[in-house]
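The values are calculated or read from the model by the stated rules, or taken from the named source; none is laboratory data. The structure presented is a predicted model; accordingly, all values stated were derived computationally and were not measured. Neighbour counts are summed over all protein chains in view; Cβ atoms, including those assigned to glycine, are modelled from backbone coordinates with ideal geometry. Just the protein is used for accessible areas: all its heavy atoms, side chains included, with ligands, DNA and RNA removed. Shrake-Rupley method; radii C 1.70, N 1.55, O 1.52, S 1.80 Å.
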Amino acid sequence: MSNTWRTAWQGQDIVVFRNEAEVDRFNASQVQRVVFVYEGSGESPGDLLYAVVELADDCLILPAETGFAGRVNFERVDYWSARGLVYWVHQSRAPLPMRLRRGRWWLRLSAGPAFARLPRAELSPLIEHWPLEGPQTWEQRKWRRIERSRPFGGRDESSTDQRRA
């Protein structure tokens, strides 16, 4: 029997369910950073593998099947945008401890880690070395991608300003 995962807002809390039973709950105001780990180009929602949600003392690993990116992040984009704490990193640059990797992930039987709550001290040293992109919401990320694809879109605005002076 497969597990059905989902996440949902309940007031100011974010609740994680497995087979409709609550397995975890945390207050959204306690979130210090959200890191979306993606594969491929990271340009479509299907590229998201999992999210790392950093709280003061813990980190939660929320696989894509929990729906955290969709139901929790995209439902309240303005909330996350105002807080400026959503970051992105490619899976190849975001190593996790070996024990968090699901069996045979290298054979693509599973795309990422299972749901877990860990002490922040265990993951923080690793996350500090991840080349994070952001803070940016999905919408900001999309517009930056569009701008980079335009001719001369990759230019640094500060260098343009210096030439005008």
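Listing for the model above:
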read-out	value
Identity of the residue in region 1-40, buried (at least 17 other Cβ atoms within 10 Å of the Cβ) and among the charged types (D, E, K, R), that ends up nearest to Glu133 (Cα to Cα)	Arg33
Extreme residue, surrounded by the most Cβ atoms within 10 Å (Cβ to Cβ), among residues of region 50-86 that are part of a helix (DSSP H, G or I) and free of Cβ contacts under 8 Å to residues at least 24 places away in the same chain	Ala82
Selection within region 68-103 - basic (Lys, Arg) and more than 12 Å from Val34 (Cβ to Cβ)	Arg71, Arg93, Arg99, Arg101, Arg102
Meets criteria (over 26 Å from Ala121 (Cβ atoms), in a loop (DSSP other than H, G, I, E, B) and not aliphatic (A, V, I, L, M)) for Gly42	yes
Qualifying residue in region 96-103 (condition: under 16 Å from Arg120 (Cβ atoms), open to solvent by less than 10 Å² (accessible area, probe 1.4 Å), not acidic (Asp, Glu) and not in a helix (DSSP H, G or I))	no
Looking only at region 122-146, and only at residues there that are modelled with pLDDT under 85 and aromatic (Phe, Trp, Tyr), the one that is least open to solvent (accessible area, probe 1.4 Å)	Trp138
Total residues in region 5-51, condition at pLDDT 90 or above and out of contact with any strand residue (DSSP E or B) (no Cβ under 7 Å at 6 or more places or on another chain)	8
